[in-house]
Amino acid sequence: MGLLRGCGGGSGSRTPVRGSLTKLAYYSTVQHKVARVRSFDHSGKDIDNEPLYEISVQEEITARLHFIKFENTYIETCLDFIKDHLVNTETKVIKATGGGAYKFKDLIEKKLGLKVDKEDVMTCLIKGCNFVLRNIPHEVFAYQKDSDTEFRFQTNHPNIFPYLLVNIGSGVSIVKVESEDKFEWIGGSSIGGGTFWGLGALLTKTKKFDELLQLASKGQHTNVDMLVKDVYGGAYQTLGLSGNLIASSFGKSTTADKEFSKEDMAKSLLHMISNDIGQLACLHAKLHNLDKIYFGGFFIRGHPVTMRTITYSINFFSKGEVQALFLRHEGYLGAIGAFLKGAEQDNPNQYSWGENYAGSSGLMSTSPDVSPLQRTRSGTFDMLEMDRLERPLVNLPLLKDPSTYIPDTVDLTDDAMARKYWLTCFEEALDGVAKRAAASQPDSVDAQERAEKFRQKYWNKLQTLRQQPFAYGTLTVRSLLDTREHCLNEFSFPDPYSKVKQKENGIALKCFQSVIESLDSLDWEERQFALVKGLLAGNVFDWGAKAVSDVLESEPQFGFEEAKSKLQGKGRSLLEGPPHKCALIFADNSGIDIILGVFPFVRELLSRGTEVILACNSGPALNDVTYSESLIVTERIAAMDPVIHSALRDEKLLLVQTGSSSPCLDLSRLDQGLAVLVRERQTDLVVIEGMGRAIHTNYYAVLRCESLKLAVIKNSWLADRLGGKIFSVIFKYEVPCK
Amino acid sequence: AEKRDSVFPWFGLDIGGTLVKLVYFEPKDITAEEEEEEVENLKSIRKYLTSNVAYGSTGIRDVHLELRDLTLCGRKGNLHFIRFPTHDMPAFIQMGSEKHFSSLHTTLCATGGGAYKFEQDFRTMGDLELCKLDELDCLIKGVLYIDSVGFNGHSECYYFENPTDAERCQKLPFNLENPYPLLLVNIGSGVSILAVYSKDNYKRVTGTSLGGGTFFGLCCLLTGCSTFEEALEMASHGDSTKVDKLVRDIYGGDYERFGLPGWAVASSFGNMMSKEKRESVSKEDLARATLITITNNIGSIARMCALNENINRVVFVGNFLRINTISMRLLAYALDYWSKGQLKALFLEHEGYFGAVGALLGLLDSA
């Protein structure tokens, strides 16, 4: 960890009251291990007995954004923490915002020897808000009462503006945000979180905000409030009024001789304040013609009770026309904004950022039994980490409607049955994954120990997700897989399958020419069938699927022919029509899949005059072929095959990286280079291969051009769900309607 | 039956959540002949109402609001304004029964939620059939009528000039001759906001449950007071800035980035998050803060509605404003300040009685 850029000293309320939180954002460079492949110089060597390429593990330095929070009481501990990590002394200034910025200025300056630059609270808040809206998938959610899935996550809309931000701190600020730099305070209210807290403390003698909310959740406001039916008697129904509407908040407490329960008063107060804020927010939204309102501030922060009442109020006052939206990382907005202010010379907005699931604690997954001191020291306190991705990520230009595109096929937050199945599935596979990780580094003395730590960490994540499926946004098979990759990386297992991939690529390459020869001997019709069959057959080799890895582990001789014979599906040709201009292929596994399945198919396309963009992952995930591996493999195939050779030379075959290190595929976050190429070459066919990319994700993706999604279902539960059998085939050829 | 229009007594009743408002037209042009014919019951009701200013322990006649020498439906007389708490409604019905009100064969027109709630009680206890009238119709009708007849030669409608300057603050008459469009904010136990475009064209824009009932209810809980008057009296001696957190408490002065003045309240009751400050405030301070909080909030919502409806005159009525100069001045100031002079707060002398007046007019219309 090196360079510290910013510090957001934002507190829950603007004044540093006890129990307020300080949020700290810092920028660090993280050294971590990456697997590299490098082609050997094979000239004059016995290539049959040499591995295909060299694998090395190197240290790489990448940038990471960290956001942590802790109670103000522990400010000194926090400053020690910063000091420990403040290696690079180029940093002279620390950015701070919020009431605490004033209170702790001297302490921070003295302890760290840095100058504190105070930044405007609202500017920071909005900067932070724009940042998370743009960079974190599933950042936004709506709260649903009386639903199994309380949190309904929203698809990131490509255009985030304009929106209304209602910040409910001690008071309420209503800000209209029109662009990155343009925002305006359009109103506010003094009835906010401070009113709930202050008035609540007076009425109930309960001192803590959280306890007040707890009281409120147990109370009956109807004992304190005057309802419409109290005024109208039983006749309200005939008038079309809802008798349960509150006519006058606290209207029943207009007497000195009756006692009211703390719970009832707290509940009435909560309703009064939530309704009032919701009403004002709606009035402002109406005046400015806005339909998206994001709510933040300590009144909202992770409290289902207030999210529920605010959502109710917005629905009521807007008659359903405006949606109350909340943010997963709402509590960090000020700190993120202060950080971004400080890092302006680095222009963090030019990069893409990815949430690191391993280093982030999820929504409401704070563990109250860990003392804040422990949290700061152990690293298990509330935190968010975001990895800087070296290149910007953008939408696939061929997406029909980027604003409604959802990568994932099954929402496990919604589907309790599916959730149980997959969580169990990942739990059961975990020992095997940990074992494989340890085995992948036989020369490392601490590999066992790290593998165990990985196992424990991922296990804990799975348990958190059992309790709080919404912790990291919508729970999907993709997020489960990605979390596992992030955890493996955290414990320095950058590529557990590197040796397996190396071996399989070597073996498959040796078969390449005979496969091509046998394909070339077929007539056109038969060849097309065989090519598609080959694509599917090759895809059976997937170490990610439990059923397959069981077979592979127990029967190392499990071969291509046998896999082919296990196929029960049908192949269909899409190669009958006129040739396509350019095909984009998202590859899946290393070895047989890419070399004997995908490449013969690529070769056929090239022979027909179709250009091919072959997209592989930027970083490793399971046994998926990486971009750098694909370069070596292609080079070796080109040496054997004149079609591939000339296509490479003439740039008819282009290798690109996806920008992803996931076994799944998010078409809304792809490497910019890929997107540029897709546009330039007028791509008119997209082929997506494999379970992770074509079934778990993108099964329902709609493109503006022809697409082929194909995979072999290597999971019996999923096969059941889709109405097929294990090892049956998904072959989804879609032509957009004109 | 033909002469139903002239059948006395003429009452209008508005039964709200907290208060019952009763207007009574006392004919002053009674001829000797009429006097002779006047049944004993009717006479006794007239005498009882006009010769007292208080009824039972809670009924009060607002003598200062009496409208004299009014001509209504061809009859000359005085209009009396009487109020009592809604929880005494059963006693009122009982009294009506004892005075054999039902023998007078008059219609009793009533509006407000209580017209529905107490309909059955009137029937069974008082042998009386209520004529229920729409609350908002009555309110608007009452406002327009009273404003048109004026207040004994003075203007019914008024506004405040320099509302926050104790020395220079002046209550001045306002001519509401061309009243439309106007935003009518009725502050009773709760608040209703209406946009009125003409005599018969209006809509209810919104409402809020934070009204007079909230002020009084919270004051009872916070200070142990037992009457609205007591709550207001306390409020007039308190200092809300001890209770509320102001912009300057947070930013040391104005918050220039947003153009917020230092004196603006940033968080109502915000100082009460601190234990020390909770222990140092008086009941009077709390009452004042409650009053300021509720009033400012009504002002805010009214202002937003005025902007959304594109109306710049806002008329505040309702019994919350009775003897409540603090709130009226604050509303006047807040509307002016936050709208940069675009909006004007107007007030009416007969504050909470317009619904009842409307009900009385409804009685005469129906004839």
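For B:L307, the conditions (1) surrounded by fewer than 23 Cβ atoms within 10 Å (Cβ to Cβ); (2) more than 9 Å from every other protein chain (Cβ to nearest Cβ) are fulfilled apart from (2). Taken as a whole, the structure leaves B:I15 outside the set of residues that are crowded, with 19+ Cβ neighbours inside 10 Å and farther than 29 Å from B:L321 by Cα.
Condition test on A:F153, is it more than 9 Å from chain B (Cβ to nearest Cβ) and in contact with a Ser or Thr (Cβ under 7 Å, 6 or more places away or on another chain)? So A:F153 passes the test. For the stretch B:254-367, which fully contained helices (runs of 4 or more DSSP H) count at least 3 residues that are closer than 30 Å to B:V7 by Cβ and not polar (S, T, N, Q)? Ranges flagged: B:354-366. It is to be established whether one or more residues within the stretch A:197-216 are surrounded by 23 or more Cβ atoms within 10 Å (Cβ to Cβ) and hydroxyl-bearing (S, T, Y). No, there is no match, as no residue in the stretch A:197-216 is surrounded by 23 or more Cβ atoms within 10 Å (Cβ to Cβ) and hydroxyl-bearing (S, T, Y).
Consider the stretch A:249-274 and keep the residues that are at the interface with chain B (Cβ under 8 Å from one of its Cβ atoms) and among the small types (G, A, S). The one that is surrounded by the most Cβ atoms within 10 Å (Cβ to Cβ) is A:S249. Go through the residues of the stretch A:216-238 one by one and say whether even a single one is of a type in the set (D, E, K, R), away from chain B (no Cβ under 11 Å) and assigned to a helix (DSSP H, G or I). Taking every residue of the stretch A:216-238 in turn, at least one turns out to be of a type in the set (D, E, K, R), away from chain B (no Cβ under 11 Å) and assigned to a helix (DSSP H, G or I). Checking the structure you have, find out if any residue of the stretch A:271-287 is of a type in the set (S, T, N, Q) and either part of a strand (DSSP E or B) or in contact (Cβ under 8 Å) with a residue 40 or more places away in the chain (or both). Yes: one or more hits. With respect to A:I246, determine if the residue is more than 8 Å from every other protein chain (Cβ to nearest Cβ), crowded, with 20+ Cβ neighbours inside 10 Å and touching a residue at least 24 places away in the same chain (Cβ under 8 Å). For A:I246, the condition - more than 8 Å from every other protein chain (Cβ to nearest Cβ), crowded, with 20+ Cβ neighbours inside 10 Å and touching a residue at least 24 places away in the same chain (Cβ under 8 Å) - is not met. In the stretch A:163-181, of all residues being assigned to a loop (DSSP other than H, G, I, E, B) and either touching a strand residue (DSSP E or B) at 6+ places or on another chain (Cβ under 6 Å) or without any contact (Cβ under 8 Å) to a residue 24 or more places away in the chain (or both), the one that is nearest to A:R301 (Cα to Cα) corresponds to A:S170. Is it the case that some residue within the stretch B:269-285 is more than 9 Å from chain A (Cβ to nearest Cβ), buried (at least 22 other Cβ atoms within 10 Å of the Cβ) and basic (K, R)? Within the stretch B:269-285 (the criterion being more than 9 Å from chain A (Cβ to nearest Cβ), buried (at least 22 other Cβ atoms within 10 Å of the Cβ) and basic (K, R)), the answer is no, since none of the residues qualifies.
Every listed requirement among (1) touching a helix residue (DSSP H, G or I) at 6+ places or on another chain (Cβ under 8 Å); (2) over 28 Å from B:L286 (Cα atoms); (3) not polar (S, T, N, Q) is met by A:L215 save one, (2). Within the stretch B:59-97, the set of residues being β-branched (V, I, T) and over 22 Å from B:G126 (Cα atoms) comprises B:V63, B:T71. Looking at the structure I just gave you, is B:G224 facing chain A (nearest Cβ under 9 Å) and touching a residue at least 60 places away in the same chain (Cβ under 8 Å)? Spelling it out, it is not the case that B:G224 is facing chain A (nearest Cβ under 9 Å) and touching a residue at least 60 places away in the same chain (Cβ under 8 Å). Residues of the stretch B:131-138 include at least one that is more than 14 Å from chain A (Cβ to nearest Cβ) and modelled with pLDDT of 95 or more.
Looking across the stretch A:182-215 at every residue that is within 7 Å of chain B (Cβ to nearest Cβ), in contact (Cβ under 8 Å) with a residue 24 or more places away in the chain and assigned to a loop (DSSP other than H, G, I, E, B), the one that is nearest to A:I300 (Cα to Cα) is identified as A:G192. Report whether or not A:K709 is touching a Phe, Trp or Tyr at 6+ places or on another chain (Cβ under 8 Å), of a type outside the set (V, I, T), assigned to a loop (DSSP other than H, G, I, E, B) and touching a residue at least 12 places away in the same chain (Cβ under 8 Å). Against the criterion (touching a Phe, Trp or Tyr at 6+ places or on another chain (Cβ under 8 Å), of a type outside the set (V, I, T), assigned to a loop (DSSP other than H, G, I, E, B) and touching a residue at least 12 places away in the same chain (Cβ under 8 Å)), A:K709 does not qualify.
Pull out all pairs, ordered by first then second residue, where Cβ-Cβ is under 6 Å, the residues are six or more apart or on different chains, the first lies in the stretch B:205-220 and is more than 7 Å from chain A (Cβ to nearest Cβ), and the second is in a loop (DSSP other than H, G, I, E, B). Listed by first residue and then by second, the contacts come to B:G212/B:G188; B:G212/B:S189; B:C219/B:C225.
Just one residue in the set A:A434, A:A418, A:A438, A:A451 is in a helix (DSSP H, G or I), farther than 30 Å from A:N395 by Cβ and either touching a strand residue (DSSP E or B) at 6+ places or on another chain (Cβ under 6 Å) or in contact (Cβ under 8 Å) with a residue 40 or more places away in the chain (or both); that residue is A:A451.
Residues in the stretch A:306-332 that are under 23 Å from A:M383 (Cα atoms) and outside any loop (DSSP other than H, G, I, E, B): A:T306, A:M307, A:L325, A:F326, A:L327, A:E330, A:G331, A:Y332. The set of residues in the stretch A:492-533 being in contact (Cβ under 8 Å) with a residue 24 or more places away in the chain and of a type in the set (S, T, N, Q) consists of A:S492, A:S498, A:Q502, A:N505, A:Q513, A:Q528. Counting residues in the stretch B:120-128 that are of a type in the set (V, I, T), farther than 20 Å from B:L70 by Cα and in a loop (DSSP other than H, G, I, E, B) gives zero. Determine whether the stretch B:249-265 contains at least one residue that is within 7 Å of chain A (Cβ to nearest Cβ), more than 24 Å from the chain's Cα centre (by Cα) and at pLDDT 95 or above. Yes: the stretch B:249-265 contains one or more residues that are within 7 Å of chain A (Cβ to nearest Cβ), more than 24 Å from the chain's Cα centre (by Cα) and at pLDDT 95 or above. Restricting to the stretch A:468-520, name every residue that is closer than 22 Å to A:G692 by Cα, in a helix (DSSP H, G or I) and β-branched (V, I, T). Answer for the stretch A:468-520, where residues must be closer than 22 Å to A:G692 by Cα, in a helix (DSSP H, G or I) and β-branched (V, I, T): A:V477, A:T483, A:V500.
Would the stretch A:277-294 turn up any residue that is among the basic types (K, R), within 30 Å of A:K127 (Cβ to Cβ) and at the interface with chain B (Cβ under 8 Å from one of its Cβ atoms)? Yes, that holds for at least one residue. The set of residues from the stretch A:340-354 being modelled with pLDDT of 65 or more and either surrounded by fewer than 24 Cβ atoms within 10 Å (Cβ to Cβ) or touching a Phe, Trp or Tyr at 6+ places or on another chain (Cβ under 7 Å) (or both) comprises A:L340, A:K341, A:A343, A:E344, A:N347, A:Q350, A:Y351, A:S352, A:W353, A:G354.
Just to be sure, is B:R313 under 21 Å from B:D147 (Cα atoms) and not β-branched (V, I, T)? Criteria met by B:R313.
Go through the stretch A:137-167 and give me each residue that's polar (S, T, N, Q), surrounded by fewer than 22 Cβ atoms within 10 Å (Cβ to Cβ) and at pLDDT 80 or above. Result: A:Q144, A:Q154, A:T155, A:N159.
From the list A:V735, A:V656, A:V678, the one residue that fits, being at pLDDT 95 or above and over 20 Å from A:P600 (Cα atoms), is A:V678.
The values are calculated or read from the model by the stated rules, or taken from the named source; none is laboratory data. Note that the structure is predicted; figures quoted are calculated from it, not measured. Ideal geometry is used to build each Cβ from the backbone, glycine not excepted, and the neighbour counts take in all protein chains shown.
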